[in-house]
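Take a look at the structure below.
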Amino acid sequence: LGVALALWATGVLTLTQALAGFGDPTVIFIATLFIVSESLDSTGVTAWAGQQVISRGGEKRTPLLVVVCLLVAVLTALISVNGAVAALVPVVVVVAIRVGLAPSQMLMPLAFSAHAGSMLALTGTPVNIIVSEAAADAGARPFTFFEFGLVGLPLLVGTIAIIVLLGNRLLPHRAPTALPADVGNHARTLREQYALPEDTELLGVRKGVTEVVIPPRSELIGLHLFPGMTTPSGDLVVLGLQRAGEDLTGADAVLRAGDTLLLRGTWEHLERHTAGPEVLVVDDPDGLRRSVPLGAGAKRAIGILAAMVVLLATGVVPPAVAGLLAAGAIVLTKVLTPTEAYRSVSWTTVVLVGGMIPLSTAFISTGTADLIASGLLNLIGDASPRLALLAMCVLTVVLGQLISNTATVLIMVPIATVLAADLQVSVLPFMMALTVAGAASFLTPVATAANTMVMEPGGYRFTDYWKLGLPLLALFLAVAVFWVPVVWPF
């Protein structure tokens with residue numbers, strides 16, 4: 001927002017131009033993708049995907065790494081880098097510990113494979129959408145839905161190969177500073193703690209459980225409860241009651257501050273009745289619900305995602321329309337409520353893209369893009385377009401380690417457009433190479449949100465990133481400079 005306002009205040013752009021980014025189809029499409037991503041996460045589709053890691057990865061390092069990398073890449077192509085990494089970090093940490101591997105050997109590969117997976121399809125990252133629209137605006141054509149896979153597949157194969165061959169030596173063997181809960185064993189733990197029968201279903205599609213603590217000054221203090229009875233609301237059933245780890249029965253079963261209750265009911269009732277001040281939630285019902293593989297609404301969410309992919313792949317409607325139709329269907333079919341859909345949108349990203357689009361406009365209208373492009377051309381002299389492509393990619397990679405790759409690409413798009421025009425070549429290889437270079441944010445934990453997400457659970461330090469990041473950076477630059485012009489000739 002500050003960028004847009006500054007451009008208007010200094011007279012570089014009119015108010016309409018400065019705020020035009022928020023009505024841009026790219027921004028609308030990006031916002032709808034967050035809703036689609038949330039529908040998959042909240043219905044347990046990503047939890048199911050995580051289970052596949054456990055069941056198919058085995059206990060050996062190499063096959064487990066390959067399965068994790070492939071899974072996060074496919075998920076990223078469908079629901080974006082951040083969504084895929086956030087969903088799989090807890091699963092990967094638990095799996096690593098179960099098989100005796102340091103999570104630090106698994107989590108950075110997870111994040112870096114997500115960067116490669118973002119190049120498999122149009123929906124992999126907002127950057128793909130931005131460059132596709134920019135290519136069309138420059139007089140070429142937008143990239144098709146699966147066209148990104150022509151570079152995404154080589155990048156993914158190369159990324160996995162580097163991780164498998166070099167990861168063990170380049171990554172630290174370090175314990176994490178914090179471990180996520182092992183949700184996979186959560187039901188078993190509760191059965192053992194509260195001495196429940198083995199066939200007691202605790203986490204299901206429609207119903208679940210949550211553990212709560214009675215806080216001081218709760219109105220529930222003094223209430224006489226016992227296992228099997230319903231709560232005063234009538235919506236929840238008490239499965240267990242303990243004080244200091246011991247079961248309460250008979251006359252002792254009068255609630256005091258600090259007592260713990262195991263409550264069962266529908267997920268909706270659990271969330272509603274544990275949100276107030278009368279209890280302190282130990283296990284968030286929403287988090288537990290998401291851990292149930294293929295929960296309520298999962299089939300609808302998958303069907304809507306498939307329909308959106310078909311619309312995007314065939315080009316029947318513009319991407320923004322396909323996204324809006326998918327988001328509308330998710331709400332209308334009650335996969336998400338309107339409030340949940342609204343909260344699922346990362347407004348930080350939406351505002352960032354909406355506010356930075358006018359900067360791209362200003363780069364062109366003020367001649368700044370021409371100046372930078374001319375400077376690059378003067379620097380490399382009378383050279384081939386491939387050398388200009390390399391110079392652009394290097395500049396993009398450097399910026400991408402310091403600021404958001406989305407912001408980097410928005411800054412570089414007008415420069416890429418002018419470079420192609422000055423050299424009188426197609427803009428398509430420049431746009432695709434820009435996308436590849438923008439995805440090569442490997443050297444610092446602050447380069448992308450995905451890199452930051454794995455830092456604490458992996459126990460990484462700032463200097464750990466460049467060790468594995470440098471070989472991957474070289475791979476991405478090689479693909480951008482040598483392979484991209486083969487697929488999209490100058």
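Within 10 Å, count the other beta carbons around each residue, average over each peptide in 61-68, 110-117, and list them highest first.
Top of the packing list down: 110-117, 61-68.
Once the dipole of the stretch 207-328 is set up with Lys and Arg at +1 and Asp and Glu at -1 on Cβ about the Cα centre, which of Pro232, Gly222, Val317 lies farthest towards its positive end?
Val317
Would you mind listing how long the chain runs along its three principal axes, going by Cα atoms, in whole Å with the largest first?
Computed over the chain, the largest-to-smallest principal extents equal 91, 52, 40 Å.
Could you give the Stokes-Einstein D for the stretch 289-378 in µm² per second, using the C-alpha Kirkwood radius, 25 °C, 0.890 mPa s?
Once the numbers are plugged in, D ends up at 149 µm²/s.
So what's the stretch 228-364 giving for Rg/Rh, alpha carbon basis, Kirkwood Rh from the mean inverse pair distance?
Ratio of gyration radius to Kirkwood radius for the stretch 228-364: 1.18.
Which ordering of Ile28, Ile304 is given by a fewest-first count of other beta-carbon atoms within 10 Å?
The fewest-first ordering by Cβ neighbours comes to Ile28, Ile304.
Find, among the chymotrypsin sites (Phe, Trp or Tyr not before Pro) in the stretch 114-154, those assigned to loop by DSSP (not H, G, I, E, B) with at most 16 other beta-carbon atoms within 10 angstrom.
Phe146
Could you list Tyr194, Tyr465 so that the one with the fewest beta carbons within 10 Å of its beta carbon is first and the one with the most is last?
In increasing order of surrounding Cβ atoms, one gets Tyr194, Tyr465.
Tell me, what is the FRET efficiency for Ala478 and Leu332 to the nearest 0.05, using R0 = 51 angstrom and their Cβ-Cβ distance as r?
Using R0 = 51 Å, I get an efficiency of 0.65.
Multiplying the sequence separation of Thr366 and Glu268 by 0.36 nm and subtracting their Cα-Cα distance, what value in nm do you get?
29.8 nm
So, R0 is 35 Å and r is the distance between the beta-carbons of Glu340 and Val213; what FRET efficiency does that work out to, to 0.05?
0.85
Mind jotting down the distance between the C-alpha centroids of the stretch 138-170 and the stretch 1-75, whole Å?
17 Å
Using only C-alpha positions, report the orientation-averaged shadow area of the convex hull of the stretch 246-327, nm², one decimal.
The number I arrive at for the stretch 246-327 is 8.1 nm².
Return Ile302, Ile35 ranked ascending by Cβ neighbour count within 10 Å, so the fewest neighbours appear first.
The fewest-first ordering by Cβ neighbours comes to Ile302, Ile35.
How big is the gap, in Å, between the Cα center of the stretch 285-359 and the Cα center of the stretch 104-131?
Going from one Cα centre to the other spans 18 Å.
Give me Rg over Rh for the stretch 183-282, both radii from the alpha carbons and Rh done the Kirkwood way, two decimal places.
That ratio equals 0.93.
Rule-of-thumb check for the stretch 23-82: C-alpha Rg over 2.2 N^0.38 Å?
1.38
Return the Rg/Rh value of the stretch 367-490, two decimal places, where both radii are evaluated on C-alpha atoms and Rh is the Kirkwood radius.
Rg/Rh for the stretch 367-490 comes to 1.02.
Over the stretch 183-282, what is the relative contact order in percent, taking alpha-carbon pairs closer than 8 angstrom and at least six residues apart?
Value for the stretch 183-282: 35 percent.
Please give the calculated 222 nm ellipticity per residue for the chain, where each DSSP H segment of at least 4 residues contributes -39500 (n - 2.57) and the sum is spread over every residue; nearest 500 deg cm²/dmol?
The helix contribution divided over the chain gives -18500 deg cm²/dmol.
Report, in whole Å, the centroid distance computed from the Cα atoms of the stretch 457-490 and the stretch 236-267.
Between the Cα centres of the stretch 457-490 and the stretch 236-267 lies a distance of 54 Å.
Once R0 is set to 35 Å, what does the formula 1/(1 + (r/R0)^6) return for the Cβ-Cβ distance between Val282 and Arg56, expressed as a FRET efficiency to the nearest 0.05?
0.65
Could you give the longest part of the chain that holds none of the GluC sites (Glu not before Pro) found in DSSP loops with at most 14 neighbouring Cβ atoms within 10 Å?
220-490
Mind checking which lysines have their Cα closer than 22 Å to the Cα of Lys334? Skip sequence neighbours fewer than 8 apart in that chain.
Straight-distance partners of Lys334: Lys207, Lys299.
Relative to the first principal axis of the alpha-carbon coordinates of the chain, what is the inclination of helix 347-365, with its axis defined by its Cα atoms, in degrees from 0 to 90 and to the nearest 10?
10 degrees
Which whole-number percentage describes the relative contact order of the chain, with Cα contacts under 8 Å and a sequence gap of 6 or more?
Relative contact order comes out at 22 percent.
Every number here is computed from the coordinates shown, using simple stated rules; none is lab data. Computed from a predicted model, the values in this text were never measured in an experiment. Positions of Cβ are backbone-derived with ideal geometry, glycine not excepted, and every protein chain shown enters the neighbour counts.
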